[in-house]
Amino acid sequence: MQGKDALLVIDVQNDFCPGGALAVADGDQVVPALNRYIGRFEKSQLPIFATRDWHPERTRHFKAHGGLWPPHCIQGTQGAEFRPDLKLPAGAVIISAGMAPDEEGYSGFEGRDDRGIGLAELLRQRGVERIFVGGLATDYCVKQTVLDGLKHGFKVVLLGDAVRGVNLQAGDSERAVAEMLRAGAERISGAASLPKS
Ligand code: VGL
């Protein structure tokens, strides 16, 4: 790894984990894997970003208002908090997405920091050229963030051991991974396989 790398931890929130409002099967199992990547990025003093789904109570993202999903990750609720066992360092930049009532907010690149600055600009400000992406869910927010990252011109590495999917249809996650690889993402599995440079 090198100075132009950043880690993106996608939506590791209570509502996407077992017991949550939109639980992803084994969603909590991304946490130990992500903690290992976080440790490596911290040690190398590389930037770490954590996105969160951060919805208003009424949004067209929710079934009751024409969307696909039960209410989840509503701003300020316990379900919207990061998993307590996720070891985010104090310097991690929090990116909130899906805040507008007409926005799905699947992609981290639709999200902003607490000053309203978008993810692509924050990455560029730090000279980032390659992003390492893991979290929830493989077939929605992870996929969209990876595809948008490539469109924005970043190199993208999918953290294969640190993602889990919703799988509304059987096989959605595998298809999502295939789509990300086809679009130009690389995949690694395990902090031990992080590139040396
Ligand atoms: C997500 C489904 C609905 C995600 C968000 O974070 O991947 N999935 N909203």
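Bear in mind these aren't lab numbers, they're just calculated from the coordinates by the rules spelled out. Treat the numbers as computed from the prediction; the structure is a model and nothing was measured. Using ideal geometry, Cβ is built from the backbone for each residue, glycine included, and neighbour counts are taken over all protein chains shown.
Things to note:
- Looking across region 69-82, the residues that are surrounded by 14 or more Cβ atoms within 10 Å (Cβ to Cβ), touching a strand residue (DSSP E or B) at 6+ places or on another chain (Cβ under 8 Å) and over 16 Å from Leu7 (Cβ atoms) come down to Trp69, Pro71, His72, Cys73, Ile74, Gln75, Gly79, Ala80, Glu81.
- Taken over region 39-64, residues that are free of Cβ contacts under 8 Å to residues at least 60 places away in the same chain, crowded, with 21+ Cβ neighbours inside 10 Å and farther than 16 Å from Arg130 by Cα amount to 5.
- Screening Gly39, Gly91, Gly116, Gly105 for residues that are within 17 Å of Tyr140 (Cα to Cα) and not acidic (Asp, Glu) leaves exactly one candidate, Gly105.
- Residue within region 84-92 that is crowded, with 23+ Cβ neighbours inside 10 Å and under 17 Å from Phe49 (Cβ atoms) present: no
- Residues being at positive phi and within 9 Å of the ligand (Cβ to nearest atom) - total across region 103-144: 2
- Residue within region 1-19 that is closer than 25 Å to Leu147 by Cβ, part of a helix (DSSP H, G or I), out of contact with any Cys (no Cβ under 9 Å at 6 or more places or on another chain) and away from the ligand (no atom under 12 Å from the Cβ) present: no
- Identity of the residue in region 60-85, aliphatic (A, V, I, L, M) and within 14 Å of the ligand (Cβ to nearest atom), that ends up nearest to the chain's Cα centre (by Cα): Ala80
- Where a residue in region 16-31 is closer than 16 Å to Pro71 by Cβ and its partner, wherever it lies, is among the polar types (S, T, N, Q) and not in a loop (DSSP other than H, G, I, E, B), with Cβ under 8 Å and at least six apart: Gly20/Gln13; Gly20/Asn14
Table: residues versus (1) within 20 Å of Glu121 (Cα to Cα); (2) in contact with a Gly (Cβ under 9 Å, 6 or more places away or on another chain); (3) of a type in the set (Gly, Ala, Ser).
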{"site": "Arg40", "(1), (2), (3)": "no, no, no"}
{"site": "Thr51", "(1), (2), (3)": "yes, yes, no"}
{"site": "Pro56", "(1), (2), (3)": "no, yes, no"}
{"site": "His61", "(1), (2), (3)": "no, yes, no"}
{"site": "Asp102", "(1), (2), (3)": "no, no, no"}
